[in-house]
Amino acid sequence: MYKIVAKRELAPKIKLFEVHAPEMAEKARPGQFIIIIINENGERIPLTIAGYDTARGTISFGFNEVGKTTKQLGLLNEGDCIWNITGPLGVPSEIRNYGKVLCVAGGVMIAPMLLQVRALRESGNQITTVVGARIKQLLFFEDEMKALSDKLFVATDDGSKGYKGLDFIKEVLKNEKFDRCVAYGPVVMMKNVSEITKPFGVPTVVSLTPIMVDGMGMCGVCRVTVGGKMKFGCVDGPEFDGHGVDYDELINRQRMFLPEERLSSLLWEMRGGCNCGGK
Amino acid sequence: MAESKPRPKPKKEAVKMPKQDAKIRSQNFNEVALGYTEEQALEEASRCLQCPKPQCVAGCPVGIAIPDFIKLLKEGKYEEAAQKLKEKNALPAVCGRVCPQEEQCQKSCIMSKMGEPVSIGRLERWLADWERKKGVKTPEKTPPTGKKVAIVGAGPAGLTVAAELAKLGHEVVIFEALHLAGGVLVYGIPEFRLPKSIVQAEVDYIKKLGADLRLGYLVGRIHTIPELLRTGFNAVFIGTGAGLPAFMNVPGENLGGIYSANEFLIRVNLMKSYAFPIYDTPIRIGKHVVVIGGGNVAMDSARSALRLGAEEVCIVYRRSREELPAREEEIENAEEEGIVCKFLAAPIKFIGDEKGWVKAMECICMELGPPDESGRRKPTPCKGSEFTMDTDTVIVAIGRTPNPIIQSTTEGLQVTKWGTIVADENGKTSIEGVYAGGDIVTGEATVISAMGAGKRAAKAIHEYLMKK
């Protein structure tokens, strides 16, 4: 059992939990993830680590309330416990002084990007950060990112704040030479960013979020094609060369259980699991 | 002088195992084999000739004193018989169910020359079940030795090492990466062949022996093996088992509806997706299921798919029936349940629908040439023999490769080119105080061979600890 010591709402339906897990706090590194199981009947879901604090003995992670498990998770409060957490999992990010790094983060993945930006900053990199969301209400961590970045850009899909879409990154790349790009976000966003950086020859790392079950190298559901080869998101990743990923295959594989996921969520809501009394 | 009474000749045939009817059992996940009654167990036990030089013991990877436990059983001394079993085997209820006895202890039983061998496995199972129902006695604790051992992985190898070392008075901590202990016994072997409550009871027994069990703890990512050795453990045993699934490297393998057997079985067994949505992990089974491969894992997958409601399940194997690596008993069970086999064929391509879901599989026919390195006849494709099968669910059961996490985080640990850990017959690795056994050393093998390796490693670890 892992106790939630702090809960924070980052944006509507996006929450950040800080959980007591001293051993994980000692070992967690940027880029890694955990698998959580909410209760004995629960599924195993992967979430990217957004922070660790050895003094407090905690790790933190953000999540978007999209399915039954994450909606249930969102109802938990400080003092409540999560049945099981396994981690840290996956290969840590390669953090060193690259020179100039462009960090692009979207949606809930802005949370772990803050950890990445902090680590890159501490290694002496010059950082330009882009934070994006569908609409301005879903943006968060702008101030925190600003404090750690040399430059900060904001973008939304609808243009309600900052740039509309990510095409402006082309201009940024024309004006300035970058040594590395890190993109964290929805697959479609990472695909876009990779397509933008490729002609400029900027090595681009993406953090993939395929479906996982065990998350530690057993089931193979997280297989992705990178550079024409089969890789396993959980043990070979989760970070890969963004220019080699077969994104369309990944998008298709992420949708594999969509009908079941919707059914599960709907049944739970109908039974009043969401505290709405079944209305 | 009165003639001594002639001993009744033992029956040629073994007492048959009562089973659930094939039609009924293919609709449920309850155990297929129902187990002997007491009368049946006594009758079968009476078939044992108590050979002065028993061949069966030599065939048992953990060296159970088979004639001795059968004799005690026959005399009605069940408690003593169960203890005799447990002297050598900490998991008798599991072994009685899933060991390939026909290739081990029963293979060289003298009775097989006259008819059928004594059903040693069924007797083992009956005794273990009798003991569990009655309530397992906790063995007396040995005085502590003050030595501490870390066991990585709570599968058959790790549990065996834990039991052996705990009995000898060592402090044992088992680190299991999954949220349940048992390894392949909980994530791999289906409920209908090995009920999970039985695995749990055996795990509880090992805990009663004094072993500490830590779940959801991935060694290599939390503490590495060198760190465990630095922080108070005097020895480490690695029993991390088979890992990543192998694929065929043919086009379309990543379409929706194509599972590795590991994924399929983990969802169904460990995550209980047969009870979705009561359990949150989903599984989708179509109407026409194809399983690729011919081992026990393929049989388990095929029979699980049938129970999950598939209309038709077909096993596609590239060799012929004679070469099937699965246990004969399981092949027969699968056939009785209505699973069909397509021999001498292998997939060359998967075709998807507009939604990226598999809808067909292109195969090629094979013919068998002379034996290859594995000793089995080598299949070669026949030109121009391609054919297409409609399918909406494919389960790939062609083997697994070792999990890389321990190997990549343990400096100085010698690894083979296949990624398995190099260890001698006693499990000794290239690092002092670090032992390994089971599938992580041998590549994919059986539960009992992993237990045998655990047994030998436990002996070597004990000797190592006591010398230190």
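Computed from the coordinates by the stated procedures, all read-outs in this text should not be read as laboratory data. Here the structure is a predicted model, which means the values were calculated and not measured. Virtual Cβ from ideal backbone geometry, glycine too; neighbours counted across all protein chains shown.
How big is the antiparallel share of DSSP beta bridges in the protein assembly as shown, given as a percent to the nearest 5?
Approximately 50 percent, going by the DSSP bridge assignments.
Towards the positive end of the charge dipole of the protein assembly as shown, with charges on Cβ (+1 Lys, Arg; -1 Asp, Glu), say which of B:PRO379, A:ILE14, B:ILE225 has the farthest Cα.
B:ILE225
Take every DSSP beta bridge with both residues inside chain B and express the antiparallel ones as a percent of the total, to the nearest 5.
DSSP beta bridges in chain B are roughly 40 percent antiparallel.
Fewest Cβ neighbours within 10 Å first, please rank B:HIS179, A:HIS20 accordingly.
A:HIS20, B:HIS179
In nm, what is the difference between 0.36 nm times the number of residues separating B:LYS134 and B:ARG376 and their Cα-Cα distance?
Extra length available between B:LYS134 and B:ARG376 comes to 82.6 nm.
Divide by every residue of chain B the summed helix terms, -39500 (n - 2.57) for each DSSP H run of at least 4, and state the resulting mean residue ellipticity at 222 nm, rounded to the nearest 500 deg cm²/dmol.
-9000 deg cm²/dmol
Using a Förster distance of 45 Å, how high is the FRET efficiency between B:LYS113 and B:LYS468, based on the Cβ-Cβ distance and rounded to 0.05?
That gives a FRET efficiency of 0.40.
Got a sec? Charge dipole of the protein assembly as shown, +1 on Cβ for Lys and Arg, -1 for Asp and Glu; which of B:ALA93, B:GLY183, A:SER123 is way out at the positive end?
B:ALA93
For the range A:175-269, state which GluC sites (Glu not before Pro) are in a DSSP loop and have at most 16 other beta carbons lying within 10 Å of their beta carbon.
A:GLU176
Using the number of other C-beta atoms within 10 angstrom as an exposure proxy, rank B:SER197, A:SER93, A:SER207 with the fewest first.
In increasing order of surrounding Cβ atoms, one gets B:SER197, A:SER93, A:SER207.
Apply the a/c threshold of 1.5 to the C-alpha gyration tensor of chain B and tell me whether it is rounded, prolate or oblate.
Oblate.
Can you compute the radius of gyration and Dmax for the range B:222-356, using only the Cα atoms, both in Å?
Cα radius of gyration and Dmax of the range B:222-356 are 18.5, 58 Å respectively.
Let me know the charge dipole size of the range A:144-207 about its Cα centre in debye, to the nearest 20, where only the beta-carbon of Lys, Arg (+1) and Asp, Glu (-1) is charged.
Computed about the Cα centre, the dipole is about 100 debye.
Estimate the FRET efficiency between B:GLU432 and B:ALA275 by the formula 1/(1 + (r/R0)^6), using the beta-carbon distance for r and 60 Å for R0, to the nearest 0.05.
Result of the calculation: an efficiency of 0.80.
Please get the size of the charge dipole for the range A:177-231, origin at its Cα centre, with Cβ charges of +1 on Lys and Arg and -1 on Asp and Glu, quoted in debye to the nearest 20.
The dipole magnitude comes to about 160 debye.
Rounded, prolate or oblate: which fits the range B:279-353 when a ≥ b ≥ c are the square roots of the eigenvalues of the alpha-carbon gyration tensor, with rounded for a/c under 1.5 and prolate only if a/b beats b/c?
oblate
How do A:THR197, B:THR240 rank when sorted from fewest to most other Cβ atoms within 10 Å of their own Cβ?
Ordered by Cβ neighbours within 10 Å, fewest first: A:THR197, B:THR240.
To the nearest 20 debye, what is the magnitude of the charge dipole of the range A:198-279 about its Cα centre, counting +1 on the Cβ of each Lys and Arg and -1 on the Cβ of each Asp and Glu?
200
Between the DSSP loop rule and a limit of at most 16 other Cβ atoms within 10 Å, which trypsin sites (Lys or Arg not before Pro) in the range A:178-267 are left?
Filter output for the range A:178-267: A:ARG255.
Need one number: % antiparallel among DSSP beta bridges in the range A:114-269, to the nearest 5.
Bridges in the range A:114-269 are about 40 percent antiparallel.
If you take the square roots of the eigenvalues of the alpha-carbon gyration tensor of the protein assembly as shown and sort them as a ≥ b ≥ c, do you get rounded (a/c under 1.5), prolate (a/b over b/c) or oblate?
prolate
Which length gain, in nm to one decimal place, applies between A:ASP167 and A:LEU266 when the Cα-Cα distance is subtracted from 0.36 nm times their residue separation?
Here the segment from A:ASP167 to A:LEU266 would lengthen by 32.0 nm.
Report the full-extension gain for the segment A:ALA147 to A:LYS7: residue separation times 0.36 nm, less the Cα-Cα distance, to one decimal in nm.
Length difference between fully extended and current span is 48.1 nm.
Find how many whole Å separate the alpha carbon centroid of the range B:50-109 from the alpha carbon centroid of the range B:162-208.
21
Show the residues, 5+ positions off or on another chain, whose built amide H is closer than 5 Å to the amide H of A:VAL182.
Those qualifying (amide H under 5 Å, at least 5 residues apart or on another chain) are A:LEU102, A:CYS103, A:VAL104, A:VAL205.
I need the semi-axes of the equivalent ellipsoid of the range B:388-468: take the C-alpha gyration tensor, multiply each eigenvalue by 5, square-root it, list largest first in whole angstrom.
33, 16, 8
If you scale each eigenvalue of the Cα gyration tensor by 5 and take the root, what three semi-axes come out for the range B:65-111, rounded to whole angstrom and sorted largest first?
Ellipsoid half-lengths, sorted descending, are 19, 14, 8 Å.
Restricted to Cα positions, what overall size does the range B:341-392 have along the principal axes? Three whole-Å values, descending.
Principal-axis extents of the range B:341-392 (Cα, largest first): 42, 22, 17 Å.
How about the range B:259-292: which trypsin sites (Lys or Arg not before Pro) there are in a DSSP loop, with at most 15 other Cβ atoms within 10 Å of their Cβ?
For trypsin sites (Lys or Arg not before Pro) across the range B:259-292 that sit outside H, G, I, E and B with at most 15 neighbouring Cβ atoms in 10 Å, the list reads B:LYS287.
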